[in-house]
Every structure is written in structure tokens, then in C-alpha cells.
Amino acid sequence: MSILITNIKQLLQTRDTNVLKVVGSDMKHLPYIENAYLLIEHDTIVEFGEMKDMGDTVAERVIDATDKIVLPAWCDSHTHLVYAGHREQEFVDRINGLSYEDIAKRGGGILNSAEKLEQATEDELYEQAVARLKTVMRLGTGAIEIKSGYGLTPESELKMLRVIKRIKHDFNILVKATFLGAHAVPKAFKGNKEGYVQQIINEMIPEIAKEQLAHYVDVFCEEGYFTLEDTDKILEAGTAHGLVPKIHVNQFNAFGGVALGVKHKALSVDHLEVMNPEDIEALKGSDTMPVALPSCSYFLSIPYTPARAIIDADLPLALATDYNPGSTPSGNMNFVVSTACIKMKMTPEEAINAATINGAYAMGVSNMYGSITRGKKANVIITNCIPSYNYLPYAFGENHIDTVIINGHIVD
Ligand code: NIG
Ligand code: FE
């Protein structure tokens, strides 16, 4: 089908050349065309420009976007959207004074989700994940990364990854799978973390690579979880099997994980709530994308990633949700963009660049997603009637989306 969107008040993130990421002070620049049109054929953006240049372009379906803004769909490069059940009791426990670390120490947290996941059938897991996916697609997410990491046994990790594979097959949205076996040390290996690391390296990674169930390998590099040494070994094993590293680092403590990620040519280093000057230095000159997860900071009341220090050091930054049952039970990228502006002092231009083109880079797909570029996938958000794009992050907590188009299909 062909779709022609006409009379667009502002068509955002228009790039004639295929930019793969936007870095440093360039992030302040969000190119756009006023009074624009956009032509989609099948799943591809074929043409766009000013209305006065539209000529006699025709299409099977015409959408009038008078007073509306059109932008690329969000690219959410960090989620744990496949999980079983919820952890709202831990939320209440934290209100009553326990910390995220306290809850994990008494066997809650990730291990609580692992127990629930073990009990869930593959179909139950699939149904729950699909409901979440449909919700975030309606909220404008047009490409998504999903991690394993609540299995923590070979069987359950594979179960999670097969659910991701099934989602990828059944839904018309780009999905990238990440193996996060090193998310926590399971109860069965209590006091024997090395045994679990060996199981990840010798059993899980080879099997996952053989079945082609993941593109990326991830580790929760944090005190009480996995050390630099563990992370080093796991990333090396993953890389040897063709998995590209993407790691959780500097969420609560900074002890060199960012430099380690860069050393392993990680595609992204995610969280970064606690950053030392050395961490920023380590990123300079690398191809690794720093990724901030402001909804996690909001929900856990922990510091926000120092976006200004990162961008002002001439580095890029991406934004993602971290959708998961423990630290971020929300997959709403619109809230992420607002929170980045409100709490991290990112300009709307920087936040939109971070949630589109740089998000696409952080999941390895910015050659085909994340900007309005001829030949890229037709992934767009059409807003309601709003005064300007600044209004999107400004009027937070409200849904400003009218229509979402993913790979050329209108999401109902
Ligand atoms: O990215 N930090 C580690 N992993 C997740 C949270 C996991 C959980 O609490 O279930 C995160 O925030
Ligand atoms: Fe995460």
C-alpha cells in the first residue's frame, strides 16, 4: 500500500544523507520541514518535501496532517519486555524505606522475577509480552530491543529468547534480541558465582549462538552482580560466538565498566547514572553509544544520567525505556523524552535525536531506522494537533499521538 501524508505542520528529523548517529553539539540541531508531505510505498519512505513541491503525487491512502507534527517512530534500544508477572509489592516496600539493593539482598528483585518466569509457560510469557508490545507500539515505538535475563538457567533463558523470536516472527516491527544471562546469580549458584559464569560461557552462549537466538550479549556489571572480571570473560565469549556486547554499567557504582565496554567494542553502554570523568574520557573516540534510561532514575529515585556532561564532552547520547518489572515498569518513550528534558536538561531537539536516530544506532539499525530519509523504513508518528514539537516533552504525561505507522502499516 502507498500512504501520502499531506499538509504536515512540521516534518521532523529529515535527513537527505543517511546519518548514522548525531554527536555532541550537533544533537541540538533537529532538521525539519514546515508545511510538508511524506510519501510511503510499501514499507519504505520514498519521498518527502515541501507541499509546494508535491506536484501530482498520488497514493492509495491520503492522510491530512494539518496542524499535526510527523516524526520518526521511537527506537527503544533497551527493554526487558518479556517477563512474567509484576513486582508491585517491592514498589510498596521501597516506599516504606527499603532500597533496590536491600530488596535484592533478601532474594527479591531479579530473582523474584526469575521465579515467576520459571513457573510461566512459554505461551503465557508470550501473551504477556505481546500485550506490552502492542501498548508501546501504540505509544510510538517502531523498533525495539528485548533482553533475556529473567531465566538464569539454560532452559529458562532459551525460553525467553524463543518468546522474543516468536514476537519477531509474528509482529511487523523490528525486534533485536539480547542475551542477558548475566543479570543476577541464580539461587542454585549462591556462593558459586564462578560456576554460573562458566555455565553462561560454556553452555548458554554456544547454544544461543547455534540457534541464532540473539544478536547481542549483555552483562549487569555492578556490585553484588557481576564484576569487571566476570564481565570481561562473558563479553569475550559472546564476541567469539558473534554476539555484539551491550552492557548495563554505572547504575549504582562506577568502577571502570564503561572503559571495559569500550575495550570490547560494545555497541552501547547503558544506565550511566553514576559517571566519573574517566568514564566520559573512555567514551571519547569510540563507536560505543552511551544510553540513558531516565524512567529508571525516576522510578527508583536514583540520579539521572549526566546528559549535559556527556553531550558537552562532544559525545552522542541515546535514550531508551529499560521497560522491566523491577526498575521501570513503563515502556513509554514519550515519558522518557519528557523526563530527559525536564530532569536531564536536554533540549527537545537533543531528546528527539537521542530517542530516534541515536536509539537506532544503539540497536545497530540506524542505517534503516531513526530518521526521515529516502529509502529508510516507513516508521512514523503523526501527532494530534499541537502547537510545536516543543509541546511534546512540555505537556508531559498526556498522549499526543494520533497515528503510528510501523514499516508502512498503520497500527490500530
Ligand atoms: O536495567 N539493572 C539491571 N537490570 C534492570 C532491572 C532488573 C529488575 O529489577 O528486574 C535494569 O534496571
Ligand atoms: Fe536494563
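Condition check ((1) in contact (Cβ under 8 Å) with a residue 24 or more places away in the chain; (2) assigned to a loop (DSSP other than H, G, I, E, B); (3) over 27 Å from Ala131 (Cβ atoms); (4) of a type in the set (Gly, Ala, Ser)) across all residues:
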position: Ser286; (1), (2), (3), (4): yes, yes, yes, yes
position: Pro290; (1), (2), (3), (4): yes, no, yes, no
position: Tyr298; (1), (2), (3), (4): yes, no, no, no
position: Pro303; (1), (2), (3), (4): yes, yes, yes, no
position: Asp314; (1), (2), (3), (4): yes, yes, yes, no
position: Gly326; (1), (2), (3), (4): yes, yes, no, yes
position: Val337; (1), (2), (3), (4): yes, no, no, no
position: Lys343; (1), (2), (3), (4): yes, no, yes, no
position: Glu350; (1), (2), (3), (4): yes, no, yes, no
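Taken over region 206-224, the criterion of being open to solvent by 10 Å² or more (accessible area, probe 1.4 Å), in contact with a helix residue (DSSP H, G or I) (Cβ under 9 Å, 6 or more places away or on another chain) and among the charged types (D, E, K, R) is satisfied by Glu207, Glu211, Glu223. Gln89 passes every criterion in (1) more than 16 Å from ligand 1 (Cβ to nearest atom); (2) polar (S, T, N, Q); (3) open to solvent by 30 Å² or more (accessible area, probe 1.4 Å) apart from (1).
Within 13 Å of ligand 1 (Cβ to nearest atom) and touching a strand residue (DSSP E or B) at 6+ places or on another chain (Cβ under 7 Å): does that describe Thr305? Give the derivation first.
Details: within 13 Å of ligand 1 (Cβ to nearest atom): yes; touching a strand residue (DSSP E or B) at 6+ places or on another chain (Cβ under 7 Å): yes.
Criteria met by Thr305.
Looking only at region 234-247, count every residue that is open to solvent by less than 10 Å² (accessible area, probe 1.4 Å) and in contact (Cβ under 8 Å) with a residue 40 or more places away in the chain and tell me the total.
Let us first name the residues in region 234-247 that are open to solvent by less than 10 Å² (accessible area, probe 1.4 Å), namely 234-235, 238, 243, 245-247.
Within this subset, residues satisfying the condition of being in contact (Cβ under 8 Å) with a residue 40 or more places away in the chain are 234, 238, 243, 246.
Number of matching residues: 4.
Out of all the residues in region 95-102, is one or more under 22 Å from Phe299 (Cα atoms), away from ligand 2 (no atom under 16 Å from the Cβ) and open to solvent by less than 10 Å² (accessible area, probe 1.4 Å)? No, the conditions are met nowhere in region 95-102.
Would you confirm, using the coordinates I've provided, whether Thr231 is hydroxyl-bearing (Ser, Thr, Tyr), without any contact (Cβ under 8 Å) to a residue 60 or more places away in the chain, surrounded by fewer than 20 Cβ atoms within 10 Å (Cβ to Cβ) and outside any strand (DSSP E or B)? So Thr231 fails the test. Here Val219 clears all of (1) away from ligand 2 (no atom under 16 Å from the Cβ); (2) assigned to a strand (DSSP E or B) except the condition numbered (1).
The values are calculated or read from the model by the stated rules, or taken from the named source; none is laboratory data. Owing to the predicted nature of the structure, the values given are computational and were not obtained by experimental measurement. Neighbour counts run over all protein chains shown; Cβ positions are idealised from the backbone, glycine included. The protein model used for the area step is the full one, side chains on, heavy atoms only, and it has no ligands, DNA or RNA in it. Shrake-Rupley method; radii C 1.70, N 1.55, O 1.52, S 1.80 Å.
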